[in-house]
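> Below: one structure in structure tokens.
The values are calculated or read from the model by the stated rules, or taken from the named source; none is laboratory data. Note that this is a predicted model, so its numbers are computed, not measured. Note: ideal-geometry Cβ built from the backbone for every residue, glycine included; neighbour counts use all protein chains shown. Just so you know, the surface numbers come from the protein's heavy atoms only, side chains and all, with ligands and any DNA or RNA stripped out. Shrake-Rupley method; radii C 1.70, N 1.55, O 1.52, S 1.80 Å.
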Amino acid sequence: MEIICKNCHQVFKGHYCNNCGQTAETHKINVHFLWHDIQHGLLHFDKGILYSLKQLFTRPGHSVREFIEGKRVRHFKPLSLVVVLATLYGFLIHYFHISYFKRESSEYLNYENLNEWVPSHFSWVTIATIPLYTIGTYAVFRNQGYNFIEFFVLNTFKASQRLFVQILTFPILLYLNKTDHMQLFSSFTYFVGLVLIFWTNIQFFNKISTGKAFLLSILSHIIFLISFFIILTIILLISGRFSV
């Protein structure tokens with residue numbers, strides 16, 4: 001059955017216009033349409049966020065490798081996923097007034113401003129660290145057949161892993177807020193993040209031994225830390241002082 005596309009007026013057969021890609025079925029705009037649009041356009045819960053998160057915590061490295069190799073239709077887009085999660089976590093930090101840094105005076109750092117700045121820029125800070133993680137991954141795994149952008153996608157998914165863990169453990173963070181146990185809890189979530197990074201890398205780089213993938217992952221993270229502190233030092237030097 002031939003169909004005339006309501007968007008470009010191209011005559012086509014099938015479910016989608018072969019000229020502009022519009023679907024053959026254009027439903028009446030009503031409450032059902034709006035709910036469907038929210039699911040697909042904003043959250044894509046039906047086959048996007050929930051599917052990607054499930055994969056990242058059941059078979060992370062395998063699913064990311066399959067995504068890079070072309071199996072993408074069920075996944076939420078990696079950069080969109082990390083933005084959604086980082087924005088949600090940043091909102092939680094801001095709304096519940098979480099203080100990552102003790103509010104004490106310092107000649108170098110304004111901790112009160114820092115506690116206000118972090119949640120409002122959390123998604124951008126998270127995204128900004130992904131290239132630094134990618135530098136470390138590319139430096140040690142570059143002989144595994146992937147380019148820099150593919151490593152960037154891998155590290156974007158890994159950032160989503162860590163963010164989701166932080167969202168899940170947020171009730172604990174809220175309970176410990178402004179106590180002396182905050183730093184201990186931050187160390188714990190950092191350790192969990194490292195475990196996820198190593199687990200994902202071991203699965204992703206399945207053409208090398210587990211031991212080699214683990215050791216290279218450690219080296220990759222050391223390179224990330226060095227890169228992070230170099231960039232941080234440059235920013236502080238450019239700003240002319242250590243206050244935020």
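> So Glu2 ticks every box in (1) at pLDDT 85 or above; (2) of a type outside the set (A, V, I, L, M, F, W, C); (3) open to solvent by 70 Å² or more (accessible area, probe 1.4 Å) but one. Which box is left unticked?
(1)
> Could you go through the stretch 204-212 and let me know if any residue there is touching a Gly at 6+ places or on another chain (Cβ under 9 Å), assigned to a helix (DSSP H, G or I) and of a type outside the set (A, V, I, L, M).
Scanning the stretch 204-212 turns up at least one residue that is touching a Gly at 6+ places or on another chain (Cβ under 9 Å), assigned to a helix (DSSP H, G or I) and of a type outside the set (A, V, I, L, M).
> Oh, and also: Hey, could you check the stretch 133-160 for residues that are in contact (Cβ under 8 Å) with a residue 24 or more places away in the chain, polar (S, T, N, Q) and farther than 18 Å from Tyr89 by Cα and say which is most open to solvent (accessible area, probe 1.4 Å)?
Ranking the candidates gives Gln144 first.
> Show the residue pairs that are 6+ apart or on different chains and have beta-carbon atoms under 7 Å apart, the first residue being within the stretch 58-83 and open to solvent by 80 Å² or more (accessible area, probe 1.4 Å), the second being in a loop (DSSP other than H, G, I, E, B).
Arg74/Lys47
> A further question on this structure: If you go through the stretch 191-239, how many residues are closer than 20 Å to Ile130 by Cβ, of a type in the set (S, T, N, Q) and surrounded by 11 or more Cβ atoms within 10 Å (Cβ to Cβ)?
Number satisfying all stated conditions: 6.
> While we're here: Search the stretch 161-190 for residues being closer than 15 Å to Phe57 by Cβ and hydrophobic (A, V, I, L, M, F, W, C), and hand back the single one that is surrounded by the most Cβ atoms within 10 Å (Cβ to Cβ).
Top of the filtered list is Leu163.
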